[in-house]
1. So which of Ala38, Ala15 is without any contact (Cβ under 8 Å) to a residue 12 or more places away in the chain and part of a helix (DSSP H, G or I)?
2. Please give the strands (runs of 3 or more DSSP E) falling wholly within the range 168-227 in which 2 or more residues are under 19 Å from the mean Cα position of the chain (by Cα) and hydroxyl-bearing (Ser, Thr, Tyr).
3. Taking Val162, is it of a type outside the set (Asp, Glu) and part of a loop (DSSP other than H, G, I, E, B)?
4. Among residues belonging to the range 231-285 that are within 22 Å of Ala15 (Cα to Cα), buried (at least 19 other Cβ atoms within 10 Å of the Cβ) and more than 16 Å from ligand 1 (Cβ to nearest atom), point out the one that is modelled with the lowest pLDDT.
5. Could you list all residues from the range 84-135 that are within 15 Å of ligand 2 (Cβ to nearest atom), more than 18 Å from Ser191 (Cα to Cα) and of a type outside the set (Phe, Trp, Tyr)?
6. Can you tell me which condition Leu136 does not meet? The list is (1) in a helix (DSSP H, G or I); (2) touching a Gly at 6+ places or on another chain (Cβ under 6 Å); (3) more than 10 Å from ligand 1 (Cβ to nearest atom), and all the others hold.
7. Filter the range 21-62 down to residues that are under 21 Å from the mean Cα position of the chain (by Cα) and over 12 Å from Ala262 (Cβ atoms) and give me whichever is surrounded by the most Cβ atoms within 10 Å (Cβ to Cβ).
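The values are calculated or read from the model by the stated rules, or taken from the named source; none is laboratory data. Computed from a predicted model, the values in this text were never measured in an experiment. Here Cβ is always computed from backbone atoms with ideal geometry, including for glycine, and neighbour counts include all displayed protein chains.
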Amino acid sequence: MTVRRSPFLPTYLEAILLTIYCATLVVGSLVWLFDPVARAAPYNTATQSHYANTAPSYFAKKSNVFNKFFVKQGWAWVTLSYLFFLFTHPSTGPVGSLAITSKRLRGILRYCMVTLWWIFVTQWFFGPPIIDRGFLLTGGQCDLVELADEGKVDMDNTRQFVTGVACKAVGGKWKGGHDISGHVFLLVLGSMFIFEEVLHVVSNSTRAREERTILMSDGAVKSAEVEADRDTVETSGHWTLGVKTVLGVAVLSLYMLLMTAAYFHTWFEKFTGLLVALSGIFVVYFLPRAIPALRGVIGLPGI
Ligand SMILES: CCCCCCCCCCCCCCCC(=O)SCCNC(=O)CCNC(=O)[C@H](O)C(C)(C)COP(=O)(O)O
Ligand SMILES: Nc1ncnc2c1ncn2[C@@H]1O[C@H](COP(=O)(O)O)[C@@H](OP(=O)(O)O)[C@H]1O
């Protein structure tokens, strides 16, 4: 009898990806530690960045073009490239048609769940987003001392600036608490979402065929392939322009993750950014493997 791996454990390709994320954060931190130019450049702990005029590299400036137009609009890039992939890949429905097949619908559902996590963590969570709530809960606040000294603001109003955006907008400094790295969160969540959606293309078109395991309603653990239809298996390995486009977005995200790791935030803030992103991925891509009812609603990519 073959003993199959637990559905909760990552496949071979997923394990490689998780290692790459951890290695990227470690290598980035080592760059900062061993690059004499980066070490010598003054660092502002309040903004978690180097000063623009003495930044050790172009990528250490917040104004770098990839930060402004790629990361700061990151979810728009993930959304557009994923929809392009979903509606042009033969494994999800007829190519060249916008027909909403059940596979496309499930892909959109998975996208909505991941997007909801992005919204909760970075934009809004029944008020301030989770990153800002975490910052306030760990003792952080909007520091308006300089502005108060200049008579521009009343210090009694400090508590009303409960989001990082509102605080920075009035010229205050978001200081003191644990500031989960929003960049690490967005770049890991967006790229891992893309990788999870296209891994079946990679594994079906190469020798790297790998087995996702699922728990059946009778308690048996089987290969996810048992739920796949023949059409999907045959068309799954096609390297379309959509696949190359989403992978391009994911690879650029990995590069920007390395830059964030090298020049911004503390190692612990980057680590929590990684953990919060991966927890969302776990719910959408690992839980359904072990919960047949959830799998019946949102499905698995490529199945
Ligand atoms: C089954 C569940 C169903 C739930 C349905 C709800 C799903 C909602 C879907 C709604 C679709 C939303 C479509 C979103 C499209 C966009 O892309 S919006 C515009 C793009 N904006 C961005 O990409 C902004 C990205 N930036 C950030 O997140 C932050 O700036 C940052 C990078 C995290 C950094 O933050 P800083 O404050 O600058 O440090
Ligand atoms: N790779 C990168 N390139 C440029 N700026 C980056 C960056 N990673 C983080 N930052 C900047 O560092 C600050 C903290 O990032 P975060 O908390 O999202 O991880 C943000 O500043 P601003 O909020 O002033 O834009 C962000 O723009």
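1. Values: Ala38 fails: without any contact (Cβ under 8 Å) to a residue 12 or more places away in the chain.
Result: Ala15 is the single residue among Ala38, Ala15 that is without any contact (Cβ under 8 Å) to a residue 12 or more places away in the chain and part of a helix (DSSP H, G or I).
2. Working: elements: 173-175, 213-215, 221-223.
Strands (runs of 3 or more DSSP E) meeting the threshold: none at all.
3. Working: of a type outside the set (Asp, Glu): yes; part of a loop (DSSP other than H, G, I, E, B): yes.
The answer is yes for Val162.
4. Restricting to residues being within 22 Å of Ala15 (Cα to Cα), buried (at least 19 other Cβ atoms within 10 Å of the Cβ) and more than 16 Å from ligand 1 (Cβ to nearest atom), the top hit is Ser236.
5. Residues satisfying the conditions are Gln123, Pro128, Pro129, Ile130, Ile131, Asp132, Arg133, Gly134.
6. So Leu136 meets the others, but not (2).
7. The residue in question is Tyr21.
One line per residue, one yes/no per condition, for (1) touching a residue at least 24 places away in the same chain (Cβ under 8 Å); (2) in a loop (DSSP other than H, G, I, E, B); (3) among the polar types (S, T, N, Q):
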| residue | (1), (2), (3) |
| --- | --- |
| Lys62 | no, yes, no |
| Lys68 | no, no, no |
| Tyr82 | yes, no, no |
| Ser91 | yes, yes, yes |
| Lys103 | yes, no, no |
| Leu109 | yes, no, no |
